[in-house]
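The values are calculated or read from the model by the stated rules, or taken from the named source; none is laboratory data. Treat the numbers as computed from the prediction; the structure is a model and nothing was measured. Here Cβ is always computed from backbone atoms with ideal geometry, including for glycine, and neighbour counts include all displayed protein chains. Ligands, DNA and RNA are excluded from the accessible area calculation, which covers all protein heavy atoms including side chains. Shrake-Rupley method; radii C 1.70, N 1.55, O 1.52, S 1.80 Å.
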Amino acid sequence: MASTYTYPRYTPRLPPQVQPGGGAAKAPLVVVGAGPIGLAAAVDAAQRGLDVVLLDDDDTVSVGSRGLCYAQRTLDILDRLGVGEQVVGKGVTWNTGRVFHHDREVYHFDLLPAAGHHRPGMVNLQQYYLEDYLVERARELPNIALCWKSRVVAVHAGADGAEVEVQSPMGDYSLHADWLIVADGARSPLRKLLGLDAEGKVFHDQFLIADVSMDAFFPAERWFWFDPPFHPGQSVLLHRQADDVWRIDFQLGWNIDPEAEKQPERVIPRIRAMLDQQGYHDLQFALEWVSVYTFQCRRMQNFRHGRVLFAGDAAHQVSPFGARGANSGIQDVDNLIWKLDLVMGGQAPEALLDSYDAERTRAADENILNSTRSTDFITPKSAVAQRYRDATLQLAERHDFARMLVNSGRLSTPTHLWDSSLNTPDRDRFDCLLRPGSPMEDAPIERDGQPAWLLQEVGGAFTLLLFTDRPETLDDAAAACDELARGPIPLRSIVVAEQPGNLPGMTVLHDGQHLAAQRYDAQEGTAYLIRPDQHIAARWRRLDAASVRAALARACGR
């Protein structure tokens, strides 16, 4: 098959702690799996100053597009990891999706109905590019040891960490990890080695994925067909990717031969029929990658097992409809690493990591519910379900209410952690969609007279946002902010003001369009405590240092 991408080959190496012929070496943090989730975990940890050993049994990036759609929330996280600009620059940005029934468009939707966000609703990019960028970012960080061709063949977990036994072309070795992050994918060999499993549902349907190189003129949108003329009785999904490569998913049904369906003589006629239906009768194309998959919606009962922490597909799996796999895995990492950093640094109790389990199993349940509902609508299991789906699609052509019932994959959205034990409940009245546990909303601002974005200025550490334009409010707040900055967990303070200005020792953001104040229902003196993962921990109408200290302690699991 053709390829528009040249796969790199990485040189195997031993962790620096390992000496030939020596006993078990020690490492504070070991991550297993150098896919997007493991790489993101290693980069995030290393940016915080932690020493990381990253083990992977391969010596290159993933083959094929695989994870493909990266949502706005994920792009914000990738910005903080140092690769967001590359992903957006190389990828295909889209905000519009279209749904078809037979040969008619039923309706279309817009992911970003409101202006004033730095990142788009979605970016399509083949997974191998994201992994490539994360590998290069990891190489820039001297405290990451990237160890390729390192297969974990045994793991022994204990109260003080886990010992992994590793096979490598440079020699076998043992490594004792104070903390172990497992991000080795849906089949997760480490999960099996630990005698753990994921529970859930396997769907009796199979889908063909084809990465197709072609110079087509489809717009940069998500197109989903129910029962199209070129593939009757089934569904088809079309996405544009980088390098004029198109991702096409064909529903095949259950009783098929996966190996036979992957052969070019089966795949090419399906693509030809789709292109002919769209009027591209003479368009030439080439296959880059073909796979057949059966998907599952399931998760582990717990993501934390003592000092072993599971993330991404190793912890939970969903169907590909809605782009909830890689997006939720990267958000696992965003939730986990700041907590692990505080625990490893002695600034928070180990019990803080129980909140990772609680918050991210809740997110997994939300994703599994949405994914299951999407799959049930896309692949109806009875004649009654089929009639309901077809009637819904017919009504959706003319009536808005029915469009809410059409489910071609509810697209990934961040989880609102409203019931988290780390939140401090509101004691003041606020009138906006945000509340403690919500992820932050972006807004255009200026810093030092230059255009910027709110989310670029916040994240990675606990931050206090103070909305004020009054000198007397700043005078009262200055001593409190200075005290909080020198606390056991330093708190960064940022002033958001409608009028431009500078304050010695303070970061000032100019909210000239008033969008930040509007989205946060900020009145004069309003203060927000933001977690390192950009979720709201607490908020007040008036800044009070004692309340902030109490909320900060609560957000750290104390």
When residues of region 338-349 are limited to those that are out of contact with any Lys or Arg (no Cβ under 7 Å at 6 or more places or on another chain) and assigned to a helix (DSSP H, G or I), the one farthest from Leu411 (Cα to Cα): Met344
Among Ile330, Ile337, which is within 29 Å of Val212 (Cα to Cα) and either of a type in the set (Ser, Thr, Tyr) or modelled with pLDDT of 90 or more (or both)? Ile330
I'd like the full set of residues that are under 23 Å from Leu515 (Cα atoms) and in a loop (DSSP other than H, G, I, E, B), limited to region 83-137. Asn95, Leu111, Leu112, Pro113, Ala114, Ala115, Gly116, His117, His118, Arg119, Pro120, Gly121
Is it the case that region 545-557 has a residue that's touching a residue at least 40 places away in the same chain (Cβ under 8 Å), closer than 20 Å to Ala443 by Cβ, open to solvent by less than 20 Å² (accessible area, probe 1.4 Å) and not in a loop (DSSP other than H, G, I, E, B)? no
Whether any residue in region 474-486 is within 23 Å of Pro414 (Cβ to Cβ), touching a residue at least 24 places away in the same chain (Cβ under 8 Å), open to solvent by 10 Å² or more (accessible area, probe 1.4 Å) and of a type outside the set (Val, Ile, Thr) is what I want to check. no
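Would you call Arg542 closer than 25 Å to Arg80 by Cα and open to solvent by 10 Å² or more (accessible area, probe 1.4 Å)?
Working: closer than 25 Å to Arg80 by Cα: no; open to solvent by 10 Å² or more (accessible area, probe 1.4 Å): yes.
Here the answer is no, as Arg542 does not meet what is asked.
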List pairs: first residue in region 179-193 and modelled with pLDDT of 95 or more, second residue open to solvent by 10 Å² or more (accessible area, probe 1.4 Å) and assigned to a helix (DSSP H, G or I) anywhere in the structure, Cβ distance under 7 angstrom, at least six positions apart or on different chains. Trp179/Met344; Ala183/Ile37
Please count how many residues of region 133-166 are open to solvent by 70 Å² or more (accessible area, probe 1.4 Å) and more than 13 Å from Val32 (Cβ to Cβ). 8
Unique residue being modelled with pLDDT under 95, of a type in the set (Gly, Ala, Ser) and on the phi < 0 side of the Ramachandran plot when the list is Gly89, Gly23, Gly38: Gly23
Expected output for region 451-470 (first residue on the phi > 0 side of the Ramachandran plot, partner in a strand (DSSP E or B) and open to solvent by less than 10 Å² (accessible area, probe 1.4 Å), Cβ below 9 Å, 6+ apart or cross-chain) is Gly459/Ile530
The correct count of residues that are in a helix (DSSP H, G or I), out of contact with any strand residue (DSSP E or B) (no Cβ under 6 Å at 6 or more places or on another chain) and open to solvent by less than 30 Å² (accessible area, probe 1.4 Å) in region 362-385 is 5
For region 204-225, state whether one or more residues are open to solvent by 10 Å² or more (accessible area, probe 1.4 Å), part of a strand (DSSP E or B), out of contact with any Gly (no Cβ under 9 Å at 6 or more places or on another chain) and among the polar types (S, T, N, Q). yes
For region 198-214, check the following and say yes or no: at least one residue is at positive phi and touching a residue at least 40 places away in the same chain (Cβ under 8 Å). yes
Based on this model, can you work out whether Trp254 counts as within 30 Å of Val31 (Cα to Cα) and either free of Cβ contacts under 8 Å to residues at least 12 places away in the same chain or among the hydrophobic types (A, V, I, L, M, F, W, C) (or both)? no
So, of the residues in region 19-64 that are open to solvent by less than 20 Å² (accessible area, probe 1.4 Å), among the β-branched types (Val, Ile, Thr) and assigned to a loop (DSSP other than H, G, I, E, B), which turns out to be nearest to Leu81 (Cα to Cα)? Val61
Restricting to region 65-82, count the residues that are modelled with pLDDT of 95 or more, part of a loop (DSSP other than H, G, I, E, B) and crowded, with 24+ Cβ neighbours inside 10 Å. 0
When you scan region 168-178, do you find a residue that is open to solvent by 10 Å² or more (accessible area, probe 1.4 Å), touching a Phe, Trp or Tyr at 6+ places or on another chain (Cβ under 6 Å) and part of a strand (DSSP E or B), even just one? no
Exactly one of these conditions fails for Cys297: (1) hydrophobic (A, V, I, L, M, F, W, C); (2) modelled with pLDDT of 95 or more; (3) in contact with a strand residue (DSSP E or B) (Cβ under 7 Å, 6 or more places away or on another chain). Give me its number. (2)
Tell me, please, whether a residue that is buried (at least 18 other Cβ atoms within 10 Å of the Cβ) and closer than 22 Å to Phe226 by Cα can be found in region 353-361. no
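Is it fair to say Ser291 is surrounded by 23 or more Cβ atoms within 10 Å (Cβ to Cβ), of a type in the set (Ser, Thr, Tyr) and not in a loop (DSSP other than H, G, I, E, B)?
Working: surrounded by 23 or more Cβ atoms within 10 Å (Cβ to Cβ): no; of a type in the set (Ser, Thr, Tyr): yes; not in a loop (DSSP other than H, G, I, E, B): yes.
Against the criterion (surrounded by 23 or more Cβ atoms within 10 Å (Cβ to Cβ), of a type in the set (Ser, Thr, Tyr) and not in a loop (DSSP other than H, G, I, E, B)), Ser291 does not qualify.
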Those residues of region 391-450 which are open to solvent by less than 20 Å² (accessible area, probe 1.4 Å), without any contact (Cβ under 8 Å) to a residue 60 or more places away in the chain and part of a helix (DSSP H, G or I) amount to Thr392, Ala402
